[in-house]
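Report on the following structure.
The values are calculated or read from the model by the stated rules, or taken from the named source; none is laboratory data. Since the model is a prediction, treat every value here as computed from it, not as a measurement. FYI the Cβ positions are ideal-geometry reconstructions off the backbone, even for glycines, and counts take in every protein chain you see. For the accessible areas, the whole protein counts, side chains as well, though only heavy atoms, and no ligand, DNA or RNA atoms are used. Shrake-Rupley method; radii C 1.70, N 1.55, O 1.52, S 1.80 Å.
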Amino acid sequence: MRDLNLALLVQAQGSIAGAARVLDLDPSSVSRSLSALEAELGVRLFHRTTRKLSTTEEGAAFLRRVGPLVEEMQAAAQDAVGTRQQPTGTLRMTASVAFASQKIVPVLPAFAERYPEISVEVISSDANLDLVEQGIDLAVRLAPAPKGDLVCSKLMTTRYHLVASPAYLERRGAVETLNDLCDHDCLRYALPGISNVWRFRGTGTTSLDVNVTGRHKFSNALALLEAARQGLGVALLADWLVTQDLADGRLIELCMDHIGTMTEFETAAYLLFPNRSYLPEKTRVMIEFLKESFGA
C-alpha cells in the first residue's frame, strides 16, 4: 500500500520532487519506488521527462479506481488501532448547476463544521457524468428513478410549478387554463431529452399534453429562473427552486390545481454512487447529512 500511496501523492503534487518534499525523501528514492510499482503492475503510470510529469491514460484510470480503496484501507487501519476520530479524504460529488448552487452549497458550511477532515469538490454540471470514469463519489440526479449499475437512494421528492412574473402577466394577460399556454411565450430547456411538450395532471389520473412555444431556451435552470423573474415568459420550474420567489411575490403560480412535468410525473432528487461492495465513510456521512438536511 505504501507504493500506491506514493503514486497517488505524485499525481496530486504533479511531480516526483513535490511528493518527495511532502514525504521528506530523496526524489531518486521516490522515482525508484514508482518504477518498482510500474514493473509489478506491468503498466506505465506516468510519462516522465526531465521537465514534465503527466499521468498516462492507463495510469489515470488505475489511480482513479485505487484511490477510494487506499482511503478505505487507511481508515480500516486507523479503526483497528482506535485512532480515527473523523472521516477523512476528498469527496468528489456532482449535481446540476442549479441544484449545486441552491441546495448543496448552502449546507456545506454545516457539513464542513461537522466533518473538518473531509474536503468536498463539487462538480456542477447539467450533463450526466460517468461516476466511475471520472472518479466521482456521489451524484445528485433530478429525474424519474434512475436505472443502471449505480446504487440509488431517494433524497427528496420534487414537484414542478407553472410560474410567471407579475410584469409578464400584466403585459400578456392571465393564464386561466392550461390551453391558454398556447398563446403565451413559454421558457424552455435547451437540453437533450427535453421536448416542447409539457404534461399536466389534475386531481384524477388523466393527463393533458400541451405543445408549448416561445422565443427563448436555456441550458440550465438558474438562467431559466432568472428569465421568468425578468418577465420573459411562463416557466415550469421545480419547487426547491421557486419556493422563495413565490413567497416573495416575484413569481406567481398558475393553474395551481395541476402538477406539471417535462418528463414523468414521479420525479425526485436521487443520490447515486458507484455499485461497490463497500461504501467509503466520507460518502456515507455525506449521504446521511444530505438526507438529514433535506428531510428525507
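Surface composition of segment 141-261: carbon and sulfur atoms hold 50% of the protein heavy-atom accessible area at a 1.4 Å probe. The calculated FRET efficiency for Phe265 paired with Arg114, based on their beta-carbon distance and R0 = 35 Å, is about 0.50. Take the Cα of Ser124, go 7 Å toward its beta carbon, and the backbone nitrogen atoms of segment 214-237 under 20 Å from that spot belong to 217-230, 237. With Rh defined as the Kirkwood radius, the inverse of the mean 1/r over Cα pairs, the Rg/Rh of the chain is 1.10.
Taking 0.36 nm per residue of separation and subtracting the current Cα-Cα distance, fully stretching the chain between Thr49 and Val66 would add 3.6 nm.
Remark: the Cα gyration tensor places segment 10-78 in the oblate category, a/c being 1.5 or greater and a/b not exceeding b/c.
Kindly provide log₁₀ I(q)/I(0) values, in the same order as q = 0.12 Å⁻¹, from the Debye equation applied to equal alpha-carbon scatterers of segment 102-243. For segment 102-243, the Cα-only Debye profile gives -0.64. If R0 is taken as 25 Å, the Cβ-Cβ distance between Arg171 and Asp209 corresponds to a FRET efficiency of 0.40. Stretched out straight at 0.36 nm per residue, the stretch from Thr56 to Gln230 would grow longer than its current Cα-Cα span by 57.8 nm. Averaged over its residues, segment 161-250 has an accessible area of 50 Å² per residue, based on protein heavy atoms and a 1.4 Å probe.
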